[in-house]
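Peer 1: Before we start, here is the structure in question, set down as structure tokens.
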Amino acid sequence: MTITIRLACAMALAMACAAHAQDADLGRNLAATCANCHGTNGHAKGDTVKPLAGVSAQKILAALADYKSGAQPATIMHQIAKGYTEDQLKSIAAFFAAQPGKK
């Protein structure tokens, strides 16, 4: 192989590794936008907003689908849920499901 081809292969591999590292943190990064209401890592304070930590991903996704469709009334969640793709919502739900819930 020529040096140019080797360099191009090395750069492509490095970019793929960087993209994979970003994907590993995607759920956490997206879920951070929920902290203002649902608390850090889904540990809500008080009784006004439901905690998300430890809730199953399926339950979170079902609630988000209800907010998106309008089946579940909301003050703001219906707008927030519409701002994410299905894959992003799955990443967020998986992140919260993996957090330790209230003991």
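Read the figures in this text as sums done on the coordinates, not as results from a lab. This one's a predicted model, so the numbers in the text were calculated from it and none came from an experiment. Heads up, the Cβs are rebuilt from the backbone with ideal geometry, glycines too, and the neighbour counts pull from every protein chain shown.
Peer 1: If you take every residue apart from Leu61 with its C-beta less than 15 Å away from the C-beta of Leu61, what net charge results, scoring Lys and Arg +1 and Asp and Glu -1? Intermediate values should be presented prior to the final figure.
Peer 2: Working: positive: Lys50, Lys59, Lys68, Lys82, Lys90; negative: Asp66, Glu86, Asp87.
Net of charged neighbours comes to +2.
Peer 1: Distance cut-off 21 Å, Cα to Cα: go down the list Lys82/Lys102; Lys45/Lys68; Lys59/Lys90; Lys45/Lys82; Lys68/Lys102 and report the pairs above it. Intermediate values should be presented prior to the final figure.
Peer 2: Details: Lys82/Lys102 28 Å; Lys45/Lys68 25 Å; Lys59/Lys90 11 Å; Lys45/Lys82 25 Å; Lys68/Lys102 27 Å.
Too far apart for the 21 Å limit: Lys82/Lys102; Lys45/Lys68; Lys45/Lys82; Lys68/Lys102.
Peer 1: Mind ordering 74-87, 29-42 by average Cβ neighbours within 10 Å, highest first? It would help to have the intermediate numbers written out before the result.
Peer 2: Numbers: 74-87: 12.4, 29-42: 16.1.
Result, highest mean first: 29-42, 74-87.
Peer 1: Sticking with this one: Which whole-number percent gives the relative contact order of region 47-103, counting Cα pairs below 8 Å spaced six or more residues apart?
Peer 2: Once divided by the residue count of region 47-103, the mean separation gives 52 percent.
Peer 1: With the Cα gyration tensor of region 24-103 giving a ≥ b ≥ c as the square roots of its eigenvalues, does the rule (a/c under 1.5 for rounded; else a/b larger than b/c for prolate; else oblate) give rounded, prolate or oblate? Intermediate values should be presented prior to the final figure.
Peer 2: On the way: a/c = 1.56, a/b = 1.16, b/c = 1.35.
Oblate, since a/c reaches 1.5 and b/c is not below a/b.
Peer 1: If you don't mind, another one. For Lys102 and Thr48, compute 0.36 nm times the residue count separating them, minus their Cα-Cα distance, and round to one decimal in nm. Spell out each step's value before the answer.
Peer 2: Values: separation 54, 0.36 × 54 = 19.44 nm, distance 1.57 nm.
Gain in length upon complete extension: 17.9 nm.
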